[in-house]
Each structure stands twice: as structure tokens, then as C-alpha cells.
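A short write-up of the structure that comes next.
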Amino acid sequence: MNTWLGTPGVVCALGSGMDAVAQAAFAGDTSGMRARAGWVHGRTLTLGGYAGALPSIDESLPAHHHSRNNQLLLAAALQIEPQLRGAVARYGPARVAVVLGTSTSGINDNAPAFRQLAAQGGWPDSYDYRRQALSSPSAFFAQWLGARGPAYTLSTACTSSARALLSARRLLELDLCDAVVCGGADTLCRLTINGFATLEAIDDTLCLPFSANRRGINIGEAGALFLMEREPADARCVAFLGGGASSDAWHMSAPEPTGAGARQAMLAALASAGVDASQIGWVNLHGTGTPHNDAMESHAMHAVFPQGVPCASTKPLTGHALGAAGALEAALAWATLSSGNASGRLVPHVWDGEPDPALPALEFGTTAHRYAQGRPRLAMSNSFAFGGNNVSLILGAQP
């Protein structure tokens, strides 16, 4: 069963709103990746923060719903509010579900409370665990929208919001609802940034996925939301053709070096979508810029696409948005497939142009690349996570 994705709501380092984000992505704009001090002691890091103003959460909602993470969701939602409210009116509140992904929820907003606990031995009166609970994004969003269908949050590290799209499709297949708001949000967070720094996986300057000179990732933040339905609501909708997931459980943080789990997810996605690898016109790579991840993904891509395929990592444009990365990168794939992209532009791979000779060669896209004329436009988006958690999604343009 094909399901359909309406115009996504997006806020990230590239900007706000799908049209603006898409144009910046097609141009390979890295201006949103900025050097920032104060996140890791003694270091200045390149981070993909969202620089715009965020909407305030209505004071009528409980205080524990007030977090930057939920503000990112709200900013994305307001861009597509007519779609969302229309679905509730059309199907009824009980038939609209909410499935979101995050990795740290609102924990960064609660960080001052932990510092007070350490310094004074007690929590401040304002501390509320529910602000950082993994359930917070979906609980907040369902209450804001007035949706009463299934509502839950997934947290599988960097595949969280990609899995949210898979789960949304499953809810529709099971006829548990008629529309699903799906996607995710993650916020720049001292806990995760310092964690990756401790793993020596952070590049202080702009990351260089798949380069011989790659040194690590840049962390970013984003909110990205789709409305998924069984039928296209308008000419801009893009088909969600299928997806695959695997869990190779290789290591807590290191990827399986041959790419076996990633390959399994991609092959499962192709089977789910009923398409052959030779039909895929573009792949949005996971491409973090770490030595081990990029090596693993290169091997997996070479195995699945021995004939080659235009591909790119979009993380030098947005940073790695962790639990929101899967939905954000699906939104960039959506932009390449939408009717608004009549010329078939692809998002370029931004790097130093120095491939790693130890890895299989991939066909990295440039601003000159386009979908092949006369063929259906199909895109794959890959997300891989700690613990060997892998997801691949396949989207297609309307005929």
C-alpha cells in the first residue's frame, strides 16, 4: 500500500519552511553551520542550530510542555497547520494519530535543575521530569492539535524519526487511523554534544562526509513534520513507497564494519517499495563524517548499487539532527520529488572533493546533477544509529 506525504513543515539550520529550506539545500548552502563556543569546555564547535525565532507555546498548556524541543515541533506545525486541522475535521480527532521521534526531548531545558541538584543537594521547585520525558513531544503535539488517535514517541537514537514514518505507515495499514502526523524534533543539547566529544567523534570545523580528511560530525537541531494519508491531498504530495529496518546489534556505538545491517535495511526497503536498486535516482546518505560510519555506508552502498547512483550526505548543510535527522532528510528527499522541483534538481554533496582511496567509490552529486529524464523519480533516504539500528525509506514522485 502506498501512502502519501503532504508538504512538510521544517525548521533547521537551512532556515524555516519547505520552500526556503529546499532552495538553500539545492544551492549547497552551509551558512547555517556556525562556530559556537560554550557547549564543550575549551572548544569552539561548528553546530547546525536554528537561528530564527521560535513560537511561544500557549500558556494554557501545562508547564512541562514548554521546551525548546516542543517549540521546534510547533514552528514546523504552524507552517502546515491548515493541513493538520483539516485532517482532524475530515476524519475526526480519534482517527488522527501522532508518531514522533526524538533522542533527548526537553532534557536541555532541565539542565539548570541538575546543576542546582549537584550544587545544593535539591531540585528547584520548577523542575518537572515530564519536560524531558520521551513521551513529551507526542503528548504535547496531540494536545495542541486535539488529536485523540494513537500518540507515541520513538527514541532509537539517529533513526528515531525515520522509524516514526515507518510506524505511521503501519498504523494506516492496520486501519487504526486515517491520517498520521509523523516526524520528529531534536534540540542542541549539552549532554549529547559532550557525549560525542568524549567519543572523539566531533569535528570542530565543517564536517567532510566520505572524505579522506573526515574527522567527525557536526551536531544540529531540527523539527520536521509530515501529514501522512492514504490518498494524495494535492499535486505537491509525494508517495511514501516503502521502508526497511534492521537491527544488527553489532556494538553500542560503533557500526558493523562491513555494512551488513545497513545493506539489509536498504534491501528490505527496496522489497517493500517493489522497486529495483537500478530504479533509484538519488540516495540521501546517512553520511555523518566519522571514519567508521562512512566506511560502513560506502561498503553497503557499493553492494546495493554496484552500478552507481547519485548520492549525497546533507549533514554539512544541516548538521546531524540526531532523533530528527531521519524526518529532516526525508523532507529533503521530498523536496527533490515534489512537483515544485520541475527540473529534477538534486541536493549536492558538499565536501573537499578528496575521496578516501580505501573506500569503494560513490557517485557524489553536484549542483549540476538532475534526476534522469524519462524515468520515474525515486529517492532513498538512509538513517543509521547506535546499537546497529538501521532504517531506509523510499519516496517517489507523483506520475
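With the charge dipole of the chain set up from +1 on Lys and Arg Cβ and -1 on Asp and Glu Cβ about the Cα centre, the Cα lying farthest toward the positive end among the listed residues 123, 304, 384 is that of 123. Taking the protein heavy atoms of the chain in the context of the full set of protein chains, the accessible area attributed to carbon and sulfur is 54 percent at 1.4 Å. Just so you know, the averaged projected area of the alpha carbon convex hull for segment 210-306 sits at 8.2 nm². Note on exposure: 229, 354 ranked by accessible area (1.4 Å probe, complete protein assembly) read 354, 229, with the most exposed listed first.
The per residue volume of the convex hull around the alpha-carbon atoms of segment 249-360 is 127 Å³.
How large is the Kirkwood hydrodynamic radius of the chain, in angstrom, based on all distinct alpha carbon pairs? Intermediate values should be presented prior to the final figure.
Values: mean 1/r = 0.0483 Å⁻¹.
Result for the chain, one decimal place: 20.7 Å.
Computed from point charges on the beta carbon alone (+1 for Lys and Arg, -1 for Asp and Glu), the dipole magnitude for the chain about its Cα centre is near 340 Debye. Restricting to the chain, what percent of DSSP beta bridges are antiparallel, rounded to 5? Antiparallel bridges make up about 65 percent of those DSSP assigns within the chain.
The values are calculated or read from the model by the stated rules, or taken from the named source; none is laboratory data. All figures in this text were calculated on a predicted structure; none of them were measured in a lab. No Cβ is skipped: glycine too gets one built from the backbone with ideal geometry, and neighbour counts run over all protein chains shown. For the accessible areas, the whole protein counts, side chains as well, though only heavy atoms, and no ligand, DNA or RNA atoms are used. Shrake-Rupley method; radii C 1.70, N 1.55, O 1.52, S 1.80 Å.
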